[in-house]
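The values are calculated or read from the model by the stated rules, or taken from the named source; none is laboratory data. Note that this is a predicted model, so its numbers are computed, not measured. No Cβ is skipped: glycine too gets one built from the backbone with ideal geometry, and neighbour counts run over all protein chains shown.
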Amino acid sequence: MNTQHHDIVPYQSHDTAEVSVQVPVLPSELTDKVADLRRASKAENTQKAYQSDWAKWSRWCQGNEVVALPAHADTVSAFLADQAGVCKVATLARYLATISKAHQVAGMANPCRETKVRDTMSGLRKTYGVKQAEAPGLLAEGLKITLDTLSGDLSGLRDKALLLVGWSCALRRSELAGLTWGDIVHDPDGLIITRAKSKTDQEGRGMSVGIARETVAPCPVKALQAWREAVASADPDAVGDDRPVFVQVTRWGTVKPGHLTGHAVAQIVTRRTGEAGLPVRYQGHSLRKGLIQQAKLAGVSDSQVMATTGHRSVTMLVRYQSDVGLVSRSASRGLLA
C-alpha cells in the first residue's frame, strides 16, 4: 500500500529536526478520504488560488535555483521584493499565505513567521500602499436606469430578476448562480430566500434573507415571478425545487438547463449597466456593495444591513460603505451657518 497525499499544495517529505513523529503508512482509500475532507475545508476558489500561487512560487524558486520547500526566510523575502511593483500588495500577501500554508501542511519550520519576512511585508505596505481597487457599488438610481433599458424577452426578464434579487439580498455572484427554486419560499409580504452556502458559510448552515414586495416599480418579487412564469411556459420541469433559478438563454430565445456560473453573472452586470450608458464599469460584486451603500445613505441601521448581508462584524461593513455619503457626514457640515 502506498501513502498518497492530495493536499492543496504539493507535499514534499523532508527530514527536519521538527518532525519527530514518523509518518504512518495508511490505506489509500483512507488517505483519499482525508484528502477530500481537507479540500472541502477550503472554498473552491481558495483552493485554485493556492494552487496558482504555489505554481508561481515554485517556478520562481526553480529559476533562481533556490529551494521552495522548506524555504529560507531570505528566499521568501527576495521573492516578495522581486514581485513588488508588478503585483499588488494584497496579491503579495496572498502569496505569502500560500507559502506559509505549504510549510504548515508539510510540518516544517515556517519561514513566513520570521521577523525578517514580516519586516519585508511591512516595508512593502509602506512603500507601495495597501489600498485595493474595488468594485464600485451600484446604487439605486443606477440600478433603475439599467432596468429601464431591459426588454421583455426571455433574456431581459432573467436579467431584470437577477439584478433585482442580487441587489435586494446583497448576494455575491456565486450565491446568485447557485440559487435553486427550492431556496425560495413565498411569504405574505414578499419572499424568503435561503443562501444554502456562501463565502462565509462554507459548512452550508444556510442563511435566510427576506425580500419585501414593493408597492411601486421596480419590485424584485414581481420580477422573479415574471421570470419563473416565463421559464415554466418554456419548460415546466425547469422550475422544480432542485433546478437553478438563473439559467442560460440561447440566442434563439430558449432556456438551457444548468446553473449560470459566477463569471456569467458578473458579465451580465457589466454588460447590462454598460448598455444602459452608466459611466462606471460595474462588476458582479457591485450589486452587494451597492445595496450596502444605499442602505447607509438611507440611514438603515448596521444591524439591519448585517441581517441581510451576513456580515459578522461592522469592520467589513464599514469597508463596503467606502466613501459613500462622506460629504453629508462631514463633521464640519453646517458649523459655519
Filter region 142-193 for residues that are part of a strand (DSSP E or B), touching a helix residue (DSSP H, G or I) at 6+ places or on another chain (Cβ under 8 Å) and on the phi < 0 side of the Ramachandran plot; the one that is surrounded by the fewest Cβ atoms within 10 Å (Cβ to Cβ) is Ile184
Subset of region 54-81 [under 16 Å from Lys126 (Cα atoms) and either in contact with a Phe, Trp or Tyr (Cβ under 7 Å, 6 or more places away or on another chain) or surrounded by 17 or more Cβ atoms within 10 Å (Cβ to Cβ) (or both)]: Ser77, Leu80
Checklist (1) at pLDDT 85 or above; (2) over 20 Å from Ser155 (Cβ atoms); (3) surrounded by fewer than 17 Cβ atoms within 10 Å (Cβ to Cβ) applied to Ser313, failing item: (1)
Are any residues in region 199-256 at pLDDT below 90, in a loop (DSSP other than H, G, I, E, B) and more than 30 Å from Met316 (Cα to Cα), and if so, which ones? Thr215, Val216, Ala217, Asp235, Thr250, Arg251, Trp252, Gly253, Thr254
If I filter region 115-141 down to residues being under 28 Å from Leu278 (Cα atoms) and among the acidic types (Asp, Glu), which single residue comes out as surrounded by the most Cβ atoms within 10 Å (Cβ to Cβ)? Glu134
Among what's in region 45-60 and is at pLDDT below 80 and in contact with a Lys or Arg (Cβ under 7 Å, 6 or more places away or on another chain), pick the residue that is nearest to Thr91 (Cα to Cα). Ala49
